[in-house]
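Enquirer: Structure provided below as structure tokens; questions to follow.
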Number of protein chains: 2
Amino acid sequence: MHVAIPLYPRFTALDAVGPYTVLAFAPGWTATFVAAEPGPVADDRGSLALTATASYADLPEPDVVVVPGGIGTFDVLADEALLGWIRHAHEHASWTTSVCSGSLLLGAAGLLDGLRATSHWAVAGMLRQYGAEPVDERVVVQGRVVTAAGVSAGIDMALELLGRAGGEEAAQAVQLAIEYDPQPPFDAGSLRTAPAGLADRALHLIT
Amino acid sequence: MHVAIPLYPRFTALDAVGPYTVLAFAPGWTATFVAAEPGPVADDRGSLALTATASYADLPEPDVVVVPGGIGTFDVLADEALLGWIRHAHEHASWTTSVCSGSLLLGAAGLLDGLRATSHWAVAGMLRQYGAEPVDERVVVQGRVVTAAGVSAGIDMALELLGRAGGEEAAQAVQLAIEYDPQPPFDAGSLRTAPAGLADRALHLIT
């Protein structure tokens, strides 16, 4: 399976690299980072660039699409080069997926109309403008469209995807290879469990 | 706080980008990727390059060091440019940390003698050759030296570090910002829970 991960300025690095690491370790899977033009693309912190090795035109029909999110999503919601690539790729892909605000790009490309979908908690409500039903779930599978919640949820999404597309044993082998036995030191990763007032502090960090 | 993350060929991308994303979102923290020379450095899959924006000489005394692992670790266990940088940085740093086989580099630099430490399950036993006591824990804090288990454990490590260095509220705000409420679809991320025989399959993926 060939995975394409589109990069655009001010994406969130973990949105892309979480699923990438899961899928690129899977037996028989490869991944390519694509962008409007090949070359380094800077993330939302401005301190990391990932290198896209292909343009959208170079890889029009991957098997799997993983669209990351980040504050830069809002600059490309009407970028036809990206949205047109997503739309065309989706016609041929086995799986079209997103992490975090990346689901807004699937929506803007017209892929979520009438579907349940998730996103980062701060922007999930915006999915409605694309005809989607936002749901408070970490990973949402709707046919061959899979959306994940914020940032770190891309790791869970990629393991779920790999289990469906490559078999549970392959997914479990990758999980053990990356020692994904999460033990967060705090229980603050969801609005359901975070202390009161934390959402404002968190929003301030990402906007 | 200024975090330096050294890159060397065939590092594992998530080892670096997990902690990076946690720490670079923290209020008042910045991160710089360093390498022998500035420029793109290819990961262990050969399909992703992260750009180092500084050389070791450019950033000799960061506040925090995060050393990632990966199969490439074994090519740099005697690389004095890297080990000397780690050793000097550690003299001045508030925190010196590692993810996955990165702890072997802390060991090779002479930083783990007599300390408890962790690493990826596949290589943790090698810590003994550096005088460290390998322990089966996800994050091990020994004074200002912090080691993490394999790959994904860097996220937990960075949150633990941030809680200690920047306060629990800052760490919890980042946790919510990156929606780190992990829900792996399988329980195979540790040798304690993985199905029998999975270790061999996992090892085959990473070596």
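Read the figures in this text as sums done on the coordinates, not as results from a lab. Only a predicted model underlies this, so the values are computations on that prediction, with no experimental measurement involved. Cβ coordinates were reconstructed from backbone atoms using ideal geometry, including for glycine residues, and neighbour counts include every protein chain displayed.
Enquirer: Quick one: what are the phi-derived ³J(HN,Hα) couplings along the range A:126-133, Karplus 6.51/-1.76/1.60 with θ = phi - 60°, whole Hz, x for glycine and proline?
Expert: Running phi through 6.51 cos²θ - 1.76 cosθ + 1.60 with θ = phi - 60° gives 5, 4, 4, 5, 9, x, 8, 9 Hz.
Enquirer: Now for a different question. Can you compute the FRET efficiency between B:D79 and B:R128 using 1/(1 + (r/R0)^6), with r the Cβ-Cβ distance and R0 = 22 Å? Round to the nearest 0.05.
Expert: In this case the efficiency is close to 0.55.
Enquirer: Calculate how many DSSP beta bridges within the protein assembly as shown are antiparallel, expressed in % of all such bridges and rounded to the nearest 5.
Expert: 30 percent
Enquirer: Moving on. Percentage of Cα-Cα pair distances in the protein assembly as shown greater than 27 Å, rounded to whole percent?
Expert: Summing the P(r) of the protein assembly as shown above 27 Å gives 45 percent of all pairs.
Enquirer: Can you list residues from other chains, or at least 5 along the same chain, whose modelled amide H is less than 5 Å from the amide H of A:G70?
Expert: The answer is A:T12, A:S101, A:G102.
Enquirer: When the helix-only estimate is applied to chain A (DSSP H runs of n ≥ 4, each -39,500 (n - 2.57), divided by the residue count), what is the mean residue ellipticity at 222 nm, nearest 500 deg cm²/dmol?
Expert: -9500 deg cm²/dmol
Enquirer: Also, quick follow-up: Taking each residue of B:133-140 in turn, how many C-beta atoms of other protein chains fall within 10 Å of its C-beta, and what is the average?
Expert: So the per-residue partner count for this stretch is 1.
Enquirer: About its Cα centre, how strong a charge dipole does chain B have in debye, to the nearest 20, once Lys and Arg get +1 and Asp and Glu get -1 at the Cβ?
Expert: The calculation lands at about 300 debye.
Enquirer: Relative contact order for chain B using alpha-carbon pairs under 8 Å, separation at least 6, rounded to a whole percent?
Expert: Across chain B, relative contact order equals 18 percent.
Enquirer: Another question, if that's okay. Once phi is turned into ³J(HN,Hα) by the Karplus curve 6.51 cos²θ - 1.76 cosθ + 1.60 with θ = phi - 60°, what whole-Hz value does each residue of the range B:46-57 show in order, with x for glycine and proline?
Expert: x, 10, 9, 10, 9, 8, 7, 9, 8, 8, 4, 5
Enquirer: Rounded, prolate or oblate, given the Cα gyration tensor of the range A:137-185, with a/c below 1.5 counting as rounded?
Expert: oblate
Enquirer: Show me, for the range A:66-79, the HN-Hα J-couplings you get by feeding each phi into the Karplus relation (A = 6.51, B = -1.76, C = 1.60, θ = phi - 60°), rounded to Hz, glycine and proline as x.
Expert: Those phi angles translate into 10, 9, x, x, x, 4, x, 3, 6, 7, 10, 5, 10, 7 Hz.
Enquirer: Counting only the backbone N, which residues of the range A:157-189 are under 20 Å from the spot 7 Å out from the Cα of A:H2 toward its beta-carbon?
Expert: A:162, A:165-166
Enquirer: How far apart are the B:P60 label points across copies, placing each 7 Å from Cα toward Cβ, in nm, shortest first?
Expert: Result for B:P60, in nm, nearest copy first: 5.5.
Enquirer: Further question on the same structure: Which semi-axes, in whole Å and largest first, does the equivalent ellipsoid of the range B:1-147 have when worked out from the alpha carbon gyration tensor as the square roots of 5 times its eigenvalues?
Expert: Equivalent ellipsoid semi-axes, largest first: 21, 17, 15 Å.
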